[in-house]
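Scroll down for the structure; my scribbles are underneath it.
The values are calculated or read from the model by the stated rules, or taken from the named source; none is laboratory data. Predicted model only: the values in this text are computed from it and were never measured. Every residue, glycine among them, receives a Cβ derived from its backbone with ideal geometry; neighbour counts consider all protein chains shown.
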Amino acid sequence: MIVLKFGGTSVGNAEAMLRVGTIIRAHQDRSPVVVLSAMSGVTDALLVAAHTAARGEHEQVHHLSHALRERHHAAARQAVVEPYLRDVLQQFDAWFDTLDHILAALSLLREASPRSLDMIAAYGEKLSCALMVGVLCTQDVQAQTISAEALVRTDGNFGEAMPLMEATSTAARDRIAPLVSNGIVPVIPGFAGATAEGVTTTLGRGGSDYTATILGSALDAQEVWIYSDTDGVLTADPKIVPGARSLPHLSYAEARELSFFGAKVIHPRTVLPAIDGQFPVRVRNSFNPEFPGTTITGYGSRAGGSVKSIAYTRNVCTVTVEGSGRPGGPRVAGRALGVIERLSTDAFLTNASSPEQNLSFVLHAERAPAIIRDLKDEFADEMRRGEVRRIDVRDGLGVFAMVGESLGDTSGIGARVFGVLGRIGATVHGFAQAPSGTSFSFVVDANRLDDAVRALHEEFMP
Ligand code: ASP
Ligand code: MG
């Protein structure tokens, strides 16, 4: 059995869907289990509709929902033939009618809680799966969709839920295996799951990749293939570095670091189930299906110690807690980290010299207001007494990471990076090495980020 996962652009219109149908058909002898994203842009559009509803803008919500219904209808009419087309359109209408009710409820309540947002966002994947079933039937492949809520059991952390593997494995084996053994291709919505009470959750943006490896692990799949629209994982974002090349191989740790620091090609938690299950994850291109793509396994490349790829994230800030520096002052590190932890935020890295007294975190800028508020609460007494001198934020930064197994044990890399950054005149506002030695990350001014990535790509991967 293999799991084949297709991202938003791979199912973005009728033509792309037909291409995916052909890929699935070509691998039918390997008992494929299919996982899909929503059609490109649909999750964003659903979330915009939800927020618009919560502001009570009925008219606008109606337009947004209508446009989505039309887009799905049009794609179905192009890619699916009768009698399957009738079923698909009926299913669409039933779901869009429910969705309209939910949106109407939000506009009465004037709220869009994480729980409501998850319920709405999950429709994108339901819709793309119904459409793909129609496409496969049109191509003479027997296929059936199963709801993600019936398969992926999660905790109740709406918007960023964690899978509960035991319950998920049982459900996946019970519901998916019988279809596969009857020669039916299961088509499963990525991204969504449900709590034990059956309330819809999502695994976080981009989470369909994670669904694929969760199911791969639950079903003991031989491999999980993640199809997107690039030739696997590249040495850098080709939008910044036009000469970026495809990498034939990455280790799990390298893939994890790259996605953590912002490489969009796979969701950061995707490799975790693969590490547990020890199955390879291949990142492939549905628009270039002959190309082998990138294989991610437990083995680092034989030639460790070289930079494989550079990932980056824009819109980053530092949040700093600075103690008075007087002996016997408060120990801020543990408590500050506690605040970050409670807000379930991942810091890219921390900067500290005497970390008990002063600490600064590098974070997504959008997380800063909530964190500053909670830190000021946490240290209110100390600030009043002057034991904590400041808690503040510095915006306008970007972070990038150079990733490769054993970089940390290789001499001279840091010197070369600083040399390049010095030459292009980019100031370093912080840096760190992953304890595993698999990444070096640097914080620079946002307006120097692209230049820095380009110059370092040229230096390490000419
Ligand atoms: N459709 C979801 C998103 O846009 C999940 C995914 O595509 O992986 O975030
Ligand atoms: Mg994705």
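Summary table
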| item | result |
| --- | --- |
| Residues of the range 349-365 classified as within 13 Å of LEU397 (Cβ to Cβ) and surrounded by fewer than 21 Cβ atoms within 10 Å (Cβ to Cβ), total | 3 |
| Residue match in the range 135-144 (condition: under 20 Å from the mean Cα position of the chain (by Cα) and buried (at least 24 other Cβ atoms within 10 Å of the Cβ)) | no |
| Residues within the range 108-128 that are surrounded by fewer than 19 Cβ atoms within 10 Å (Cβ to Cβ) and touching a Gly at 6+ places or on another chain (Cβ under 7 Å), tallied | 2 |
| Residue within the range 385-406 that is in a helix (DSSP H, G or I) and either over 29 Å from the mean Cα position of the chain (by Cα) or of a type in the set (Gly, Ala, Ser) (or both) present | no |
| Residues of the range 1-22 classified as more than 16 Å from ARG284 (Cα to Cα) and in a helix (DSSP H, G or I), total | 3 |
| Any hit, the range 285-305, residues being closer than 16 Å to GLY404 by Cβ, aliphatic (A, V, I, L, M) and away from ligand 1 (no atom under 16 Å from the Cβ) | yes |
| Among (1) out of contact with any Gly (no Cβ under 7 Å at 6 or more places or on another chain); (2) more than 16 Å from ligand 2 (Cβ to nearest atom); (3) aromatic (Phe, Trp, Tyr); (4) at pLDDT 95 or above - the single one TYR299 does not satisfy | (4) |
| Residue within the range 42-53 that is at pLDDT 95 or above, in a helix (DSSP H, G or I), loosely packed, with under 15 Cβ neighbours inside 10 Å and within 16 Å of ligand 2 (Cβ to nearest atom) present | yes |
| Total residues in the range 109-151, condition under 18 Å from TRP95 (Cα atoms) and either within 16 Å of ligand 1 (Cβ to nearest atom) or among the aromatic types (Phe, Trp, Tyr) (or both) | 20 |
| Sole residue being touching a helix residue (DSSP H, G or I) at 6+ places or on another chain (Cβ under 6 Å), in contact (Cβ under 8 Å) with a residue 24 or more places away in the chain, assigned to a loop (DSSP other than H, G, I, E, B) and closer than 28 Å to ASP395 by Cα, chosen from VAL265, VAL241, VAL321 | VAL241 |
| Residue in the range 114-135 that is over 20 Å from GLU15 (Cα atoms) and of a type in the set (S, T, N, Q) present | yes |
| Top-ranked residue in the range 17-40 [being in contact with a Ser or Thr (Cβ under 7 Å, 6 or more places away or on another chain) and aliphatic (A, V, I, L, M); ranked as surrounded by the fewest Cβ atoms within 10 Å (Cβ to Cβ)] | ILE23 |
| Residue in the range 268-290 that is surrounded by fewer than 22 Cβ atoms within 10 Å (Cβ to Cβ), within 14 Å of ligand 2 (Cβ to nearest atom), not in a loop (DSSP other than H, G, I, E, B) and not hydrophobic (A, V, I, L, M, F, W, C) present | yes |
| Set GLU356, GLU382: member being more than 27 Å from the chain's Cα centre (by Cα) and at pLDDT 90 or above | GLU382 |
| Criterion: in contact (Cβ under 8 Å) with a residue 24 or more places away in the chain and either in a helix (DSSP H, G or I) or over 29 Å from the mean Cα position of the chain (by Cα) (or both) - qualifying residue of LEU64, LEU99 | LEU99 |
| Within the range 98-134, tally of residues that are away from ligand 2 (no atom under 16 Å from the Cβ) and closer than 16 Å to GLY193 by Cα | 10 |
| Strands (runs of 3 or more DSSP E) completely within the range 177-237 that count 3 or more residues being surrounded by 18 or more Cβ atoms within 10 Å (Cβ to Cβ) and among the polar types (S, T, N, Q) | 200-202 |
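Every residue, every condition in (1) in contact with a strand residue (DSSP E or B) (Cβ under 7 Å, 6 or more places away or on another chain); (2) of a type outside the set (S, T, N, Q); (3) more than 19 Å from GLU223 (Cβ to Cβ), yes or no:
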position: GLY7; (1), (2), (3): yes, yes, no
position: VAL11; (1), (2), (3): yes, yes, yes
position: THR22; (1), (2), (3): no, no, yes
position: ARG25; (1), (2), (3): no, yes, no
position: VAL34; (1), (2), (3): yes, yes, no
position: ALA38; (1), (2), (3): no, yes, yes
position: THR43; (1), (2), (3): no, no, yes
position: LEU46; (1), (2), (3): no, yes, yes
